[in-house]
Amino acid sequence: MLKMTWFLRGAHANEWTGEDFDEAVRAFRLDATATVNNLGMDTERNAVFFEQFIGPIGVRLVEEERAEVTAGNDWSTAIGPIMVSVTTTA
């Protein structure tokens, strides 16, 4: 079982629990995008936020997180104002 926690500094925090690595990535991207959209920024700024922060963290989740967690390690990353951590739960 996986537990993913993420937060956007000063705005939002959330967690997800499940068994599927791909679902963790989808859950992060959907929730983070919805959070940013609700901050009231203009469309251009939302797009930049996705390109600079949400997208790259999604890539790290795909490329790094699965290997680390499968090996029994906790995993975390941060880019700009967003931090994500993934651990295994009993």
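The values are calculated or read from the model by the stated rules, or taken from the named source; none is laboratory data. Quick caveat: nothing in here was measured; it's all calculated off a predicted structure. No Cβ is skipped: glycine too gets one built from the backbone with ideal geometry, and neighbour counts run over all protein chains shown. Protein only, heavy atoms only, side chains kept; ligands, DNA and RNA dropped before computing areas. Shrake-Rupley method; radii C 1.70, N 1.55, O 1.52, S 1.80 Å.
Taking Cβ atoms as reference points and 15 Å as the exclusive limit, the residues near Phe21 contribute a net charge of -4, counting Lys and Arg as +1 and Asp and Glu as -1. Qualifying GluC sites (Glu not before Pro) in the range 1-69, where qualification requires a DSSP coil assignment and no more than 16 other C-beta atoms within 10 Å, comprise Glu19.
If you take all other residues with their beta carbon under 14 Å from the beta carbon of Gly80, and give Lys and Arg +1 and Asp and Glu -1, the sum is +2. If only the Cβ of Lys and Arg carry +1 and only the Cβ of Asp and Glu carry -1, the dipole of the range 1-88 around its Cα centre is close to 240 debye.
How many percent of the accessible area of the chain is carbon or sulfur, using a 1.4 Å probe? Solvent-exposed carbon and sulfur of the chain make up 50 percent of the total.
The residue list Ala11, Thr70, Thr88 was ranked by how far each Cα lies along the charge dipole of the chain toward its positive end, using unit charges on Cβ atoms, and Ala11 comes out on top. Calculated [222 nm] ellipticity per residue, helices only, for the chain: -11000 deg cm²/dmol; basis is -39500 (n - 2.57) per DSSP H run with n ≥ 4, divided by all residues, nearest 500. Helix 21-37 axis versus longest C-alpha principal axis of the chain: approximately 20°, rounded to the nearest ten. Within the range 46-88, find all residues whose amide N lies under 20 Å from a label point positioned 7 Å from the Cα of Leu39 along Cα-to-beta-carbon. Only 46-61, 77-85 fall inside the zone, counting backbone N under 20 Å.
Rolling a 1.4 Å probe across the protein heavy atoms gives the range 1-72 an accessible surface of 61 Å² per residue.
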